[in-house]
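For reference, the structure is listed below as structure tokens.
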Amino acid sequence: MINILKLNEISPKVKSILPEQSYTVGSDVSNPQAILLRSFSMHEYEVPPTVQAVARAGAGVNNIPISKMTDKGICVFNTPGANANAVKELVIAGMLLGSRKIVQGINWTQSLKGDDVDKQVEKGKKAFVGQEIQGKTLGVVGLGAIGRLVANIAIELGMTVLGYDPYLSVDGALMLDKNVVHITDVNQLFAEADYVTLHVPATEQTKNIINEQSINTMKTGVVILNFARSELVNNADVVEAVKNGKVGRYVTDLPKAELLGIDNIITIPHLGASTPEAEDNCAVMAARQLKDFLENGNVVNSVNFPSASAPRTGVCRISILHKNVANMIATATSFIAKKGINIANLVSASRGEIGYMLLDVDANVDEETIKQMQAQEGFIKVRVFD
């Protein structure tokens, strides 16, 4: 029986992936082999020594101390793309809110009194005139799972779409509508776009990408949307730009105190992935990744381990997490060769300072050999899958 500890409530749909016959999933299990969570902060959390993996049902992993997990040999998974449709839909809603004074109009209408509301509406509606998005230019910064969906649907809505992503993969490019214009200079995108939407992680290169300098390159009246990370935007600079009219509206799903109560700043209470469909998708994806790792050693969508997966062959599988230094593969295979066992398949990958191997062998390896491998200098964690 494999124990998985929940640090948050998780969609019951994980039961279809982690059946009760083989898995115990709960908030009070002891000696867990893995942890499932959403927003629980693990920075001060004492991880049980039995834990092999942590899976977050969501894309962001700011609530998990990644370096600490890596040092312990714990694989950390996230679920990129599982909530992409939910976020995409909210971004489009945000773009419409940024185009027309819908929020202001609703608030004004709710304040009306008397029996002649229809007359008051006809007289006052001119104060809430907005613009259509058809024919306008949308700049999408980041063409990952969410950015691609936003770009593609914006094409369907009749917009010109500029996309910027220096790390765009071939597969990612193939999933983009052919009418999306790939821009190699983000400043060109800022200069040409009527709307700018952000879909990148917060890194040293992207933090404060929206600031006084970048705003000054944009069109007067530009609408900026941030449904990704609050660190991408210098809030003080945006507030000033909204107040002086350089930025027409700022729409964000990441409210901060300094953004509240300001005309033409629309704050949404972090609803991007707040749909039952998205929560189910993220939970199921996280559960599948945990199951494949715990049962087969396969690594897909890890934020700290290299990606490495293959169908099982042979009689036994061994996974080795190791330092990314010379001769690790030769060292691992020498242990197997000494036992006269054939290696049916070997997968090896590296990421930064660590490497990961999967060895499928044609016979079971004795416990003493596994102990010797675990004690080998440079090997961090060795696991056996019968």
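The values are calculated or read from the model by the stated rules, or taken from the named source; none is laboratory data. These figures come from a predicted structure and were not determined experimentally. Quick reminder, even Gly has a Cβ in these numbers, built from the backbone with ideal geometry, and neighbours come from all protein chains shown. The area values use the complete protein model at the heavy-atom level, side chains included, leaving out ligands, DNA and RNA. Shrake-Rupley method; radii C 1.70, N 1.55, O 1.52, S 1.80 Å.
Here are a few things to note about the model shown:
- Note on GLN104 and THR333: their simple-model spin labels are 6.9 nm apart, each label 7 Å out from Cα toward Cβ.
- Note that the chain presents 49 Å² accessible area per residue, ligands and nucleic acids not counted, probe 1.4 Å.
- Accessible heavy-atom area order of GLU377, GLU231, highest first, probe of 1.4 Å: GLU377, GLU231
- The figure for MET42 is an accessible area of roughly 0 square angstrom, using a 1.4 Å probe on the protein chains alone.
- Only protein heavy atoms count here; on that basis, with a 1.4 Å probe, SER11 has an accessible area of about 20 Å².
- Estimated FRET transfer efficiency (SER30, VAL129; beta-carbon r; R0 45 Å; 0.05): 0.10
- Interchain or long-range residues, amide H under 5 Å from GLY248's placed H: GLY221, VAL222, VAL223
- Over all orientations, the chain has a Cα convex hull whose mean projected area works out to 23.6 square nanometres.
- Gyration tensor verdict on segment 1-117 (Cα atoms; rounded if a/c is under 1.5, prolate if a/b is larger than b/c, oblate otherwise): prolate
- Sorted largest first, the principal axis extents computed over the alpha-carbon atoms of segment 234-365 equal 76, 36, 19 Å.
- Computed [θ] at 222 nm, deg cm²/dmol, the chain (DSSP H ≥ 4; -39,500 (n - 2.57); rounded to nearest 500): -9000 deg cm²/dmol
- Projected label distance in nm at GLU377 and ALA93, using a 7 Å step from Cα toward the beta-carbon: 5.9 nm
- Derived scalar couplings ³J(HN,Hα) [segment 80-87; Karplus, 6.51 cos²θ - 1.76 cosθ + 1.60; whole Hz; x for Gly, Pro]: x, x, 5, 9, 4, 5, 4, 5
- Contour minus Cα-Cα distance for SER41 and ILE343 (0.36 nm per residue): 104.6 nm
- Accessible area of LEU149 (1.4 Å probe, protein heavy atoms only, ligands and nucleic acids ignored): about 60 Å².
- Within a straight-line Cα-Cα reach of under 12 Å, LYS207 can be paired with the following aspartates and glutamates, leaving aside sequence neighbours fewer than 8 residues apart in one chain: GLU231.
- Restraint check, LYS178/LYS243; LYS101/LYS243; LYS88/LYS246; LYS68/LYS291; LYS6/LYS381, Cα-Cα greater than 28 Å: LYS178/LYS243
- Computed over the chain with a Gaussian network model linking Cα atoms closer than 10 Å, the most mobile of VAL121, VAL150, VAL315 is VAL121.
- When you work out D = kT/(6 pi eta Rh) for segment 70-131 at 20 °C and 1.002 mPa s, using the Kirkwood radius from C-alpha pairs as Rh and the Stokes-Einstein form, the result is 139 µm²/s.
- Convex hull of Cα atoms in segment 176-263, direction-averaged projection (nm²): 5.9 nm²
- With both residues required to sit in the chain, DSSP beta bridges show an antiparallel share near 40%.
- D by Stokes-Einstein for segment 201-240, Kirkwood Rh over Cα pairs, 37 °C, 0.692 mPa s: 313 µm²/s.
- Rounded to whole numbers, the Karplus 3J(HN,Hα) couplings from phi for segment 332-344 are 4, 5, 5, 4, 6, 4, 4, 8, x, 9, 7, 8, 7 Hz, using 6.51 cos²θ - 1.76 cosθ + 1.60 with θ = phi - 60°, and x at Gly and Pro.
- C-alpha center-to-center spacing [segment 50-87, segment 328-363] in angstrom: 26 Å
- Most mobile listed residue (SER111, SER16, SER67) in the chain, GNM with C-alpha springs under 10 Å: SER111
- Net lengthening on full extension, VAL181/ASP292 (0.36 nm per residue, minus Cα-Cα): 36.2 nm
- Virtual spin-label span in nm between GLU156 and LYS113, 7 Å along Cα→Cβ: 4.5 nm
- Within the listed set LYS15, LYS246, LYS123, the residue fluctuating most in the Gaussian network model of the chain (springs between alpha-carbon atoms under 10 angstrom) is LYS123.
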